[in-house]
Amino acid sequence: MQIVEQGVLCAGVPGAERAVATFPSVTVLEDGSLAAVYRVGASKDSAGSITEIRRSHDNGRTWSEPAAPFETTFEGVRGSLQVVYLTVIDKGHLMACALWVDRDAFPGAPLFHAETEGCLPMKILIADSFDNAASFSTWREVAVTADIGPPSLTSPIIRMIDGRLIISIETNKPYLDRSTWLQRVVHCESTDDGQTWTLPRTVIADPTGAIFHWDQRLAVDNNNTLAAFSWTYDKAANKYLPIRRHISRDAGHTWTTDTLDFSDQPSHPAVFPDGRSVLAWVDRYGARSIKARQAPTLDGHFAPATEVTLYEAAKEARKTGNTAQMLTDMGLWTFGLPYAEALPNGQAIIVYYAGVEGAMDIRWARCEIF
């Protein structure tokens, strides 16, 4: 694999309301164009941030001016959108899935509590577009049970070959909850194009609470093989473990798990029609870089010989003392959250955020795969 072109999709403006851009994703739409979605605001956790869409008709070389079609108030409550993902559901039907944060419950408070490990109240919202992402319907909630706590969204809706839709959700603790955090990953499913959803079903968990599976990234190939890549954290040791890959051949009801030979935060993988896959990841405490590799199949080997470096940071990462500090320090990180997508021309595009404290861009790289 090699990088053939790269650039900036949205530049941060230091000291302004558009200083920090984060949480990028990119989706190939029905007409072959690209829709990049990201959040921009005065800081990484700005309650006044907005979520924008930019379009590209030349595989990411140039991008349109931004549009901001998403409402941030839900059922009369002031909030912000942490992340929005797009999924092509059917011909003429695109669905947005969002993680919405309630900003009225604890006015002015940060997303994560510095002592309890709890987070602000959140909801999973979805909306439909029938005009190629020009406009979206009113948000509606994907209801979860109380034991989920504030639900986290870390991957777009996945559409299986039989039309079934899957949303992957992580559990959290309420903001002031000081009990032990038993983190797990659950799935909700829909068989009616997102009109109704099943109650959450646990798919990945460590019942002891020792190992956390954060930021699970889902993808499915043309053989209906479902893969989930987890940012794996050892709470007792306060360190990230090598990325775990979970494979299911029955729509997420049973899984096998293996461990990749690189650590930290995985990207959403790009999956091509012939099965070839590209996975990027963040090495925040080792090489302080964003890298990517390719594999012959979604469940195949991501060979070191295919590796490319997308970004290298200069400043040494801060060493944290516990999980609560690890969570609050996420607001200080200046690069991360890669997202890969397969392009119609056979190349892969990867978007991510990078910059310096107080000024971060959304950047892109297009890669040739072999």
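Okay, here's what the table says:
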quantity	calculated
Members of the range 176-198 found to be within 22 Å of the chain's Cα centre (by Cα) and either within 18 Å of P121 (Cα to Cα) or hydrophobic (A, V, I, L, M, F, W, C) (or both), listed by number	W181, L182, Q183, R184, V185, V186, C188, W197
Qualifying residue in the range 7-29 (condition: within 20 Å of I157 (Cα to Cα) and over 15 Å from the mean Cα position of the chain (by Cα))	yes
Of all residues in the range 10-27 being among the hydrophobic types (A, V, I, L, M, F, W, C) and in contact with a Gly (Cβ under 8 Å, 6 or more places away or on another chain), the one that is surrounded by the fewest Cβ atoms within 10 Å (Cβ to Cβ)	A19
Test for E170: is it at pLDDT 95 or above, surrounded by 20 or more Cβ atoms within 10 Å (Cβ to Cβ) and under 23 Å from A127 (Cα atoms)	yes
Condition check for T180: of a type in the set (S, T, Y) and either closer than 24 Å to S267 by Cα or in contact with a helix residue (DSSP H, G or I) (Cβ under 6 Å, 6 or more places away or on another chain) (or both)	no
Strands (runs of 3 or more DSSP E) completely within the range 276-370 that count 3 or more residues being closer than 22 Å to L86 by Cβ and modelled with pLDDT of 95 or more	277-283, 335-342, 348-356, 359-368
Out of A98, A105, A35, sole residue that is in a loop (DSSP other than H, G, I, E, B) and either hydrophobic (A, V, I, L, M, F, W, C) or touching a residue at least 60 places away in the same chain (Cβ under 8 Å) (or both)	A105
Condition broken by P110, with the remaining ones in (1) within 22 Å of the chain's Cα centre (by Cα); (2) in a loop (DSSP other than H, G, I, E, B); (3) surrounded by fewer than 22 Cβ atoms within 10 Å (Cβ to Cβ); (4) modelled with pLDDT of 95 or more satisfied	(4)
Neighbours by Cβ (under 6 Å, 6+ apart or cross-chain): first from the range 63-85, farther than 8 Å from W100 by Cα; second among the hydroxyl-bearing types (S, T, Y) and assigned to a strand (DSSP E or B)	W63/S56; F70/T51; V84/T51; Y85/S25
Residue satisfying all of: in the range 191-212; free of Cβ contacts under 8 Å to residues at least 40 places away in the same chain and of a type in the set (G, A, S); nearest to T145 (Cα to Cα) among these	A205
Hits in the range 174-185 - residues which are buried (at least 18 other Cβ atoms within 10 Å of the Cβ) and either among the β-branched types (V, I, T) or touching a strand residue (DSSP E or B) at 6+ places or on another chain (Cβ under 7 Å) (or both)	Y175, Q183, R184, V185
Number of positions in the range 28-43 that are closer than 17 Å to E65 by Cα and not charged (D, E, K, R)	8
Test: residue in the range 199-207 that is touching a Pro at 6+ places or on another chain (Cβ under 9 Å) and at pLDDT 95 or above	yes
Of all residues in the range 51-80 being of a type in the set (S, T, N, Q) and in a loop (DSSP other than H, G, I, E, B), the one that is surrounded by the most Cβ atoms within 10 Å (Cβ to Cβ)	T72
When residues of the range 190-227 are limited to those that are touching a Gly at 6+ places or on another chain (Cβ under 8 Å) and crowded, with 19+ Cβ neighbours inside 10 Å, the one nearest to F262 (Cα to Cα)	L226
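Okay, residues lined up against (1) surrounded by fewer than 22 Cβ atoms within 10 Å (Cβ to Cβ); (2) of a type outside the set (S, T, Y):
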site	(1), (2)
L29	yes, yes
A36	no, yes
S46	yes, no
S49	no, no
E115	yes, yes
I126	no, yes
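The values are calculated or read from the model by the stated rules, or taken from the named source; none is laboratory data. Bear in mind that the values here come from a model prediction, so they are computed numbers and not experimental data. Positions of Cβ are generated from backbone atoms using ideal geometry, with glycine treated the same way; all protein chains shown enter the neighbour counts.
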